[in-house]
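Engineer: One structure, pasted below without further comment.
The values are calculated or read from the model by the stated rules, or taken from the named source; none is laboratory data. Everything quoted here is computed from the prediction, not taken from an experiment. Positions of Cβ are generated from backbone atoms using ideal geometry, with glycine treated the same way; all protein chains shown enter the neighbour counts.
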């Protein structure tokens with residue numbers, strides 16, 4: 001048996017996975033990623049939103065990073 005089989009069933013895609021061929025934690029992570037991707041597509045965000053998110057993240061770390069990591073050993 002193949003580890004991964006994809007079947008096109010009209011309005012559905014069916015994935016069959018051989019449990020011996022994949023790590024369970026990896027598969028759960030992959031499913032979560034697919035759920036996030038689905039939500040992102042439904043949100044109708046423009047493509048530049050990722051750049052804006054990265055800028056916000058960078059600015060937060062520049063402003064708060066030292067305080068946030070103050071008790072972490074270097």
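Engineer: Do the conditions hold for residue 67, that is, is it over 30 Å from residue 17 (Cα atoms), assigned to a helix (DSSP H, G or I) and free of Cβ contacts under 8 Å to residues at least 12 places away in the same chain? Spell out the reasoning first.
Structural biologist: On the way: over 30 Å from residue 17 (Cα atoms): yes; assigned to a helix (DSSP H, G or I): yes; free of Cβ contacts under 8 Å to residues at least 12 places away in the same chain: yes.
Yes, satisfied.
Engineer: I would also like to ask the following. Would it be correct to say that residue 59 is more than 30 Å from residue 4 (Cα to Cα) and surrounded by 10 or more Cβ atoms within 10 Å (Cβ to Cβ)?
Structural biologist: Values: more than 30 Å from residue 4 (Cα to Cα): yes; surrounded by 10 or more Cβ atoms within 10 Å (Cβ to Cβ): yes.
Answer is yes for this residue.
Engineer: Suppose we filter 42, 2 for residues that are exposed (fewer than 10 other Cβ atoms within 10 Å of the Cβ), in contact (Cβ under 8 Å) with a residue 12 or more places away in the chain and not in a strand (DSSP E or B); which single one remains?
Structural biologist: Exactly one residue qualifies, and that residue is 2.
Engineer: Quick check on the range 13-26: of everything there that is assigned to a helix (DSSP H, G or I) and either exposed (fewer than 10 other Cβ atoms within 10 Å of the Cβ) or modelled with pLDDT of 90 or more (or both), which residue is farthest from the chain's Cα centre (by Cα)? Give the derivation first.
Structural biologist: To start, the set of residues in the range 13-26 that are assigned to a helix (DSSP H, G or I) comprises 19-21, 24-26.
Subset that is either exposed (fewer than 10 other Cβ atoms within 10 Å of the Cβ) or modelled with pLDDT of 90 or more (or both): 19-20, 24-26.
Details: 19: 21, 20: 23, 24: 16, 25: 13, 26: 12 Å.
Once the filter is applied, the top-ranked residue is 20.
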